[in-house]
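Asks: Structure provided below as structure tokens; questions to follow.
The values are calculated or read from the model by the stated rules, or taken from the named source; none is laboratory data. Keep in mind that what you see is a predicted model, and the values were worked out from it rather than measured. All Cβ positions, glycine included, derive from the backbone under ideal geometry; neighbour counts span all protein chains shown. The area values use the complete protein model at the heavy-atom level, side chains included, leaving out ligands, DNA and RNA. Shrake-Rupley method; radii C 1.70, N 1.55, O 1.52, S 1.80 Å.
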Amino acid sequence: MPQLDDRAATRRLLDRMGFGPRPGELESLSRQGFAAACEQVLAQAPDTTPLPDLGPEPPQASKKASTAERKQRQKTLRGQQTTAVQWWLDRMVGTASPLPERLTWFWHGHFATSVQKVHSARLMLHQNQTLRGLGGGDFLTLAKAMIVDPALLLWLDGQQNKVGAANENLAREFMELFTLGVGHYSETDVREAARALTGWAVNRDAMTSSLVPKRHDSGGKTVLGVTGNLDAGGFVDIVVNRPDSPRFVASRLWFRLVGATPLAADALDRLVAGYGTQRSIGGLLRAVLAEPAFRDPATTLVKQPVEWAVGLMRALGVQPSKLPVTQLEAGLRGLGQVPFEPPSVGGWPAAQSWLTTSAGLARLHLAQLIAEHVDVSHITSAAAAGQALGVDVWSQRSTQALAGLNGAQLVAMAACAPEYVVSQ
């Protein structure tokens, strides 16, 4: 299979394991060679930027609450959510260690949880920090944290799951979407797993979850052929150690970070070997970067709206907090993707789903908003726009579309061209 040269492969590395290069970053990394660039990226650790202070969560409205009181509560919750979104976008754009943020973004779409049902930006940020802290280590540790994560419990009705009235939502989605995939469990496994997950309660104020013994089913259960007095941790041990789980996790990570084309069986075997018995996400990433298909020019990835917008802001050196926050959030909403609001437990769509005509218009409006808030007067040609955005060559069609433009208008149009929207 053909292979990208070191510079093109390094650009792909910065796109896939981050959100694209900042000014000068591609040149400095590519001079080291692709192997050295990979080592530098893989060595990145999460930065220590503190979480924003959202203030206390407004109390639940009582049955006697007035319309004005209910509206004020919703306004406070909405304000907290906007602050959380802006904080995370600022972090994605400004960080010198983008890999941990890209992994946090990946896991947010994998363990998809929405503030629309959780109704707490504080709990969403708590989950966000868990994904960031554990997302590059042992998948078993991450999975065990997520099975009792307060936001995920609320999202999948885990707090309603009690002995004698088991709610199956969390058990089903945990196997189907988070650890095993479709077809690797039975309905009996779902029912038994739900019993293992009974008894958990959420304390919103403390942002914690805890097991309430009298609500937990302490009888024997059989999940995927394993029998015992299973609890949440025991359930996760069973599913994560199934042979199907490493292949599922490796496939999902490749699909979301590298390319939508399914891997060949031997390539998937190599990724699973990198993941290993330690269930190492770091080892899996190293195997991904070593895979020949990673450097195959045919392995392309349509950028999700947040990835695209963050990459554009990184390339232009503009922080989201310098933009009108309501307009920025509205722009992402118009594209169908706002952090902390996945549309379902299955997460956001991928690939061609982001390339509709309506998405193209929304993308142009958001690109214009971003470009108008930074000095790009020096960008007066398609070549200069390509240099700023990390695009070496424009197609004839894109070259014609960019002809005669300059400054913010040129940058906005270039950012919406296929060569930038699709990571090559």
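Asks: Across the chain, where is the longest run that never hits trypsin sites (Lys or Arg not before Pro) in a DSSP loop with at most 12 other C-beta atoms within 10 Å?
Replies: 65-424
Asks: Report the charge-dipole magnitude of the stretch 3-60 in Debye, nearest 20, computed about the Cα centre from +1 at each Lys and Arg Cβ and -1 at each Asp and Glu Cβ.
Replies: Computed about the Cα centre, the dipole is about 280 debye.
Asks: Please compute the modelled spin-label separation between Ser28 and Glu69, points set 7 Å along Cα→Cβ, answer in nm with one decimal.
Replies: It is 5.6 nm.
Asks: With unit charges on the beta carbon (Lys/Arg positive, Asp/Glu negative), name the residue among His108, Ala8, Ala250 whose Cα is farthest towards the positive pole of the charge dipole of the chain.
Replies: About the Cα centre, the residue reaching furthest to the positive side is His108.
Asks: When we measure straight from the Cα of Lys162, which lysines land under 24 angstrom away, once same-chain ones fewer than 8 places off are left out?
Replies: Those lysines meeting the cut-off are Lys117, Lys144, Lys214, Lys221.
Asks: Please name which of Leu77, Leu153, Leu197 has its Cα lying farthest along the dipole of the stretch 67-201 towards the positive end, using unit charges on Cβ (Lys, Arg +1; Asp, Glu -1) and the Cα centre as origin.
Replies: Leu77
Asks: With the full set of protein chains in place, find how many percent of the accessible area of the stretch 1-138 is carbon and sulfur; take the probe as 1.4 Å.
Replies: The computed percentage sits at 55.
Asks: Treat every Asp and Glu Cβ in the stretch 1-99 as -1 and every Lys and Arg Cβ as +1, leave all other atoms uncharged, and give the resulting dipole magnitude about the Cα centre to the nearest 20 debye.
Replies: 820
Asks: Right, another one. Taking Cα atoms of the chain, Rg/Rh with Kirkwood Rh, to two decimals?
Replies: With Rg and the Kirkwood Rh in hand, the quotient comes to 0.99.
Asks: Could you name the lysines whose alpha carbon sits less than 25 Å from that of Lys322, not counting residues in the same chain fewer than 8 places away?
Replies: Lys75, Lys303
Asks: Treating the angle as unsigned and between 0 and 90°, give the value, to the nearest 10°, between the Cα long axis of helix 67-94 and the longest Cα principal axis of the chain.
Replies: Helix 67-94 sits at roughly 50 degrees to that axis.
Asks: Could you please state how large a percent of the accessible area of the stretch 253-313 is carbon and sulfur, counting protein chains only and using a 1.4 Å probe?
Replies: Roughly 60 percent, rounded to a whole number.
Asks: Please report the spacing between the Cα centers of the stretch 45-92 and the stretch 262-331 in Å, no decimals.
Replies: Cα centres, the stretch 45-92 to the stretch 262-331: 29 Å.
Asks: Quick one: dipole size for the stretch 170-259, taken about the Cα centre, charges +1 on Lys/Arg Cβ and -1 on Asp/Glu Cβ, in debye to the nearest 20.
Replies: Once rounded to the nearest 20, the dipole reads 120 debye.
Asks: Please calculate how many Å² of accessible area the chain carries per residue, with a 1.4 Å probe and no DNA, RNA or ligand atoms counted.
Replies: So the chain comes to 42 Å² accessible per residue, rounded to a whole number.
Asks: Which one, Val345, Val163, Pro297, is farthest towards the positive end of the dipole of the chain when Lys and Arg carry +1 and Asp and Glu -1 on their Cβ?
Replies: Val163
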